[in-house]
Amino acid sequence: MTKKNAFLIDPGEIRKLVHKNAENSFMHTTYREELERFLLLAQGDERAVELTDYVLNADLQGKLSEDPLRNMRYLFIVNTGLATRFAIEAGAPQEVVYSSSDIYIRKADVAKSIEEIVKLNHDYWVYLVGLVRDSRKTKQYSKPVVQCIDHITSHFNAKVSLEDLAGITGLSPNYLATLFKHETGMTVGEYLTGFRIDSACALLSQTDYDYLKISLSLGFCTQSYFSKVFKEKTGVTPRAYRLKHTDKAFTEFG
């Protein structure tokens, strides 16, 4: 006798839920209704926020848990996952989108009320719409340059060589260097350094990491070299920047 897989869903169970929903006059939002807010998001249209505020509702989305708070948390995670895909497809920076998604999901994971999760959802969609809008305003880079930028933002704490990027794009190093400078206004090295310094600013203002940990985590060989480059790019030392910009309200998730 074939052993029944405990993880398989009995079709009868699905039919039972469909019947129960019909008896209670419940119907999920249609695919067209679901798609509308994501398409608006992909256009950087603020109406997407209003629609997601309306749609993130257990009466429209269905029940994923018997516990109301856990149910809302699950709905938030599902909606956030879909939103990130549409934002990335619209041209928003992949690593920025995924990282912001991680942060908001972790905030939702420790939220104490449904209202808090609803507010997180609203805030995240406002952020994503702005991110998409800003991305659409900037110059559209060619595919090889986009590939370079994606690789740099994913490997900024390691050595990134022009030869590596040439291998990824299939172009010669010299041609790629010229193309990258023409489209971004920076060399690959300048872009990488700029990304590292921007990341350092975030770490200095939003964490209590010591300067050595920050410098090594960003790919700088020594703390002194990190401090030198940071001051060249920002005009102040890492310590001075931290003293001025530390976000006292920041909560670091372990």
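Need one word for the range 52-113: rounded, prolate or oblate. Basis is the Cα gyration tensor (sqrt eigenvalues a ≥ b ≥ c); a/c below 1.5 gives rounded, then a/b vs b/c decides.
Taking the square roots of the gyration eigenvalues as a ≥ b ≥ c, the range 52-113 is oblate.
By how many nm would the segment from V78 to T178 lengthen if fully extended, with 0.36 nm per residue of separation less the alpha-carbon distance?
31.8 nm
So if R0 is 22 Å, what FRET efficiency would Y141 and D198 give, r being the distance between their Cβ atoms, rounded to the nearest 0.05?
E between Y141 and D198, to the nearest 0.05, is 0.80.
Label-point separation (nm) for L64 and Q206, each offset 7 Å from Cα along Cα-to-Cβ?
In this crude spin-label approximation the distance works out to 2.3 nm.
Neighbour counts of other C-beta atoms within 10 Å: give me T207, T52 arranged from fewest to most.
Starting with the residue having the fewest Cβ neighbours, the order is T207, T52.
Using θ = phi - 60° and the Karplus relation 6.51 cos²θ - 1.76 cosθ + 1.60, list the HN-Hα couplings for the range 211-220 in order, rounded to whole Hz, with x at every Gly or Pro.
Running phi through 6.51 cos²θ - 1.76 cosθ + 1.60 with θ = phi - 60° gives 5, 5, 4, 5, 4, 6, 5, 9, x, 7 Hz.
Filter the cross-link list K119/K231; K112/K228; K159/K244 down to pairs whose alpha-carbon distance in this structure exceeds 32 Å.
Beyond 32 Å between Cα atoms: K119/K231; K112/K228.
Find the centroid of the Cα atoms in the range 203-234 and in the range 170-197, then give the distance between the two in whole Å.
Between the Cα centre of the range 203-234 and that of the range 170-197, the gap is 22 Å.
Would you mind computing, in nm to one decimal, how far apart the modelled labels at R85 and T237 are, each placed 7 Å from Cα along Cα→Cβ?
Going from the R85 label point to the T237 one covers 5.0 nm.
Note the full-extension length gain between L216 and N157 as 0.36 nm times their separation in residues minus their Cα-Cα distance, in nm to one decimal.
Residue separation times 0.36 nm, minus the Cα-Cα distance, leaves 20.4 nm.
Residues in the range 71-103, backbone N under 12 Å from the label point at L35 (7 Å along the Cα-to-beta-carbon vector): list them, ranges by number please.
Output list for this probe position: empty.
Read-outs: derived from the displayed coordinates by stated rules, not from any lab. Since we're looking at a predicted model, the values are computed, not measured. Counting neighbours? That spans all protein chains shown, and the Cβs are built from the backbone with ideal geometry, glycine included.
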